[in-house]
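Written out below as C-alpha cells is the structure these notes cover.
What follows is calculated from the coordinates using simple rules that are stated; it is not laboratory data. These numbers were taken from a predicted model, which means no experiment stands behind them. As a convention, Cβ positions derive from the backbone with ideal geometry for all residues, glycine included, and neighbour counts pool all protein chains shown.
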Amino acid sequence: MTVPTITLNDNTSIPQLGFGVFQIPPEDTERLVSEALEAGYRHIDTAAIYRNEEGVGRAIAASGIPRDELYVTTKLWNRRHDDPEVALAESLERLGLDNVDLYLIHWPCPRQNRYVEAWRGLIGLREQGLTTSIGVSNFLPEHLDRLEMQTPVTPAVNQVELHPAFQPWKDIDAARVHGIRVQAWSPLGMGRNGLLDAPEVVDVAAAHGVSPAQAIIRWHLQNGVILFPKSAHPERIRENIDVFGFELTPDEMAAITSLDEGEAGRVGPHPNEFEPAPAGS
Ligand code: NAD
C-alpha cells in the first residue's frame, strides 16, 4: 500500500492518509493501532486528551517498523498553553518516543488568550528537535493572522473539521495563501447525520464498487486534503486505506461537494466556543 505524501511549508513530508485514534479506548488502542500498522498505515494522529498515547507507543514499539518510516502527531491540550515544554515531555514519555513528527495546539481557546504564547513555546520545541514540524488545530483566520503578525513561524498545518456536510473552504483557502496545509478532522463526519447513507455518496460508491466511506475518503484525497479516518473495526480500518485503486470523476467530486450544509453540518464545537472547563469541573 503506497500512500502519497504531501510536502509541508517546512520542507518535510507527511503521508496524506493516516489513522486517527480519537475515542479509541486506552485498553483497545495498542491492538487497533497494531491492526492499522499491519494494514499499511504509517501516520497516526493522537492527542494528550485522548488518553491513549501509551497504547499508540506500545503498538509502535511492538511493530518493529523503523521510526523514520512512521509519522506521529500529538496535540497540546487547552489547559497546557502556558507550559508546552512540560506537556510535550509528558506526551513523549507516554508514547515512548524521543520526538514526534508533528505537534499541534489542539484548540485556540481565544477567551483564555494564551495561544500566541503557546505557539512561541512550540517554536522552541521544534528548535530543540523534540518535534519535527509544528502546527495548529481549530484555528480560524483571525487566530492565524495573530500568529503571522506576532511570531516568525507560520504553522505547517491547520487541522479543522472538514467533511462533505461541513466544508469551510473560505477559511481553508485563506490559510493556503500562507502555505498552511489543511488536515480534515472527522473526515467522515463521525459517521453521523446520515452522511454515509446520502444518495449522492451511495451512488458514487456503487459506481466504483466501493463503500460510502471509501468514496468520501477519495473525495478528500482528490481535494489535496490530509486525513486520518478513525474506526474501531479491523475490517473498516483496512477498507479505509484501500482507496488507491479508483478515481472519482469531476461530476462525482461535485456530487459529494453538493452535500455542504454550512454551519448546520458541523459535528463538533465552533472554535470560538470551545474553552477549557472551569477548574474542578
Ligand atoms: P471520523 O469522521 O473519522 O468518523 C469515524 C466514525 O465513522 C467511526 O466511529 C464509524 O462510526 C464511522 N466509520 C469509519 N470508517 C467506516 C467505514 N469504513 N464504514 C462505515 N463507517 C465507518 O471521526 P473522528 O474520529 O472524529 O475523526 C478522525 C480523527 O480526526 C480522530 O480520530 C482524531 O485523530 C482527529 N480529530 C481531531 C479533532 C481536533 O479537534 N483536532 C477533533 C476530532 C477528531
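Annotations
- Boolean, R176 is free of Cβ contacts under 8 Å to residues at least 24 places away in the same chain, surrounded by fewer than 20 Cβ atoms within 10 Å (Cβ to Cβ) and of a type outside the set (G, A, S): yes
- Each residue in the range 4-35 was checked for being within 16 Å of the ligand (Cβ to nearest atom) and under 29 Å from G179 (Cβ atoms), and 9 of them qualify.
- In the range 220-259, residue farthest from V160 (Cα to Cα) [restricted to those that are away from the ligand (no atom under 16 Å from the Cβ) and polar (S, T, N, Q)]: T249
- For the residues R31, R51, R67, the requirement of being surrounded by fewer than 17 Cβ atoms within 10 Å (Cβ to Cβ), closer than 23 Å to A184 by Cα and among the basic types (K, R) singles out R51.
- Hey, I49 assigned to a helix (DSSP H, G or I) and not aromatic (F, W, Y) or not: yes
Each row is one residue, and each column tells you yes or no for (1) crowded, with 22+ Cβ neighbours inside 10 Å; (2) under 18 Å from the mean Cα position of the chain (by Cα).
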| site | (1), (2) |
| --- | --- |
| V72 | yes, yes |
| K75 | yes, yes |
| E85 | no, no |
| E93 | no, no |
| I105 | yes, yes |
| A118 | yes, no |
| G124 | no, no |
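- Qualifying residue in the range 156-171 (condition: at positive phi and in contact with a strand residue (DSSP E or B) (Cβ under 7 Å, 6 or more places away or on another chain)): no
- Picking from residues in the range 258-268 that are among the hydrophobic types (A, V, I, L, M, F, W, C) and in a loop (DSSP other than H, G, I, E, B), the one that is surrounded by the most Cβ atoms within 10 Å (Cβ to Cβ) is L259.
- Total residues in the range 32-69 satisfying the condition of being in contact (Cβ under 8 Å) with a residue 40 or more places away in the chain and on the phi > 0 side of the Ramachandran plot: the figure is 1.
- Elements of type helices (runs of 4 or more DSSP H) in the range 199-247, at least 1 residues being under 20 Å from the mean Cα position of the chain (by Cα) and in contact (Cβ under 8 Å) with a residue 24 or more places away in the chain: 212-222, 234-241
- Which listed residue, of P212, P271, is surrounded by 14 or more Cβ atoms within 10 Å (Cβ to Cβ) and more than 8 Å from the ligand (Cβ to nearest atom): P271
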